[in-house]
Amino acid sequence: MKAKQYTATAQQVFRIFGPGDLYATASDIDEALRMGGKMLPIHPQQYRALRRELATSGSTLWYHGVDATYIDTVRMPSPAKVFGTSAVDENGHTPLMCAARNGDLAEISALIKAGADVHTRDKDGWTALFWSTLSGCKKTVSALIDAGACVNAVDDEGWTALMHATYEGRDGIGAATTLLHAGANVNAQNKAGRTALMLAVLVGCAEVIPALIQAGADLALKNKSGSTAEAIATECGHSKIAKMLRTAKTSAEKA
C-alpha cells in the first residue's frame, strides 16, 4: 500500500479495534471478514488488502497507544492524533493510559502538554498512574504525579497504585519507592483487607519490604481473613520474609 492509502486504512481500523489496544493478526482480519461487509464500517476490500500485508510480512498490526510496528515502512498514526487526547476504547482506556502502560515518557509528556486528563478512569477504575506501575518505569510514575495524578486514588477493588506496584514484585520496586516518596498511604487496605506490604509478601518480594516498613507500614494490620503480613509470609513459605518481619516487629516494640 502507499503511505496515504495505508494511513487512511489504519485510521478506519482504529475505529473498529479502539484507540487503546490494536492487536490484529491475519486470522483476526479473517474473523472480521466473516462478520460480513455490511457490519463493518469500512469496505471488506480494505480488510483484504490489510490482511495480505500481514500474511505476506508475517507480522502483526500491533498498537498499544504509542509503540508501532512498521509494515512496508509506513508507520501507524498515533491514536491521540486520530481521536484526540480524551479518546477512550470500549474498556475506557485512553492514549495516556496506553503510554503509561508502555513506559513511554516522551509520549506521556506530549499527551499531558496537549491536555490529557490524568484523572480519567477506565472501566475498572484505573487511572494512568495505575497503568504506569506495570511498566516499571520510575520516570513515568513521577511525570504523572507531577501532572497532578492522585497517589492515593483507589480502583473498583480498593487497590491503590502502590498496591499494584508492590504486587508487581521486583519489576515494581522503582514505582513503589517513587509513590512512597510522593506520600502514598502505605497502610491503605483494599476490599480484601490487603495492604501494599501484604501484597509484596504474597509475591515474595523481600527487596521492597524495608522501604514499606520505613514508610510506616503497620505490621499488626490484618486482612479480611485475619492474617497479618508475617502470617501470610509463613503461609506462603517465605521464611526469610517472615523472619525479616519478626525482626522489624521486635525492633519497633523496643523503640
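Derivation of every value follows stated rules applied to the coordinates shown; laboratory data play no part. Every value quoted in this text rests on a predicted model; they were computed, and no experiment measured them. Cβ atoms come from the backbone with ideal geometry, glycine included; neighbour counts cover every protein chain shown.
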- Task: Could you tell me which of the pairs 123/249; 139/224; 222/254 are separated by over 32 angstrom between their Cα atoms in the structure shown?
- Result: 123/249; 139/224
- Task: Under 1.5 on a/c is rounded, so check that first for region 216-255, then, if it is not, pick prolate when a/b is larger than b/c and oblate when it is not; a ≥ b ≥ c are the square roots of the alpha carbon gyration tensor eigenvalues.
- Result: oblate
- Query: Modelled label-to-label distance, residue 109 and residue 150, 7 Å Cα→beta-carbon offset: nm?
  - Reply: 2.8
- Scalar couplings 3J(HN,Hα) for region 230-235 by Karplus 6.51 cos²θ - 1.76 cosθ + 1.60 (θ = phi - 60°), nearest whole Hz, x for Gly and Pro, are 5, 5, 5, 4, 5, 4
- Query: Between region 198-255 and region 129-197, what is the C-alpha centre distance in whole Å?
  - Reply: 18
- D (Stokes-Einstein, µm²/s), Kirkwood Cα radius, region 183-242, 0.692 mPa s at 37 °C: 292
- Jot down the radius of gyration and Dmax of region 83-210, Cα atoms only, both in angstrom. 13.8, 44
- Message: Within 15 Å, Cβ to Cβ, of residue 188, how many net charges do the neighbouring residues add up to if Lys/Arg are +1 and Asp/Glu are -1?
- Response: 0
- The local net charge around residue 239, scoring Lys/Arg +1 and Asp/Glu -1 for residues other than residue 239 whose Cβ lies under 13 Å from its Cβ, equals +1
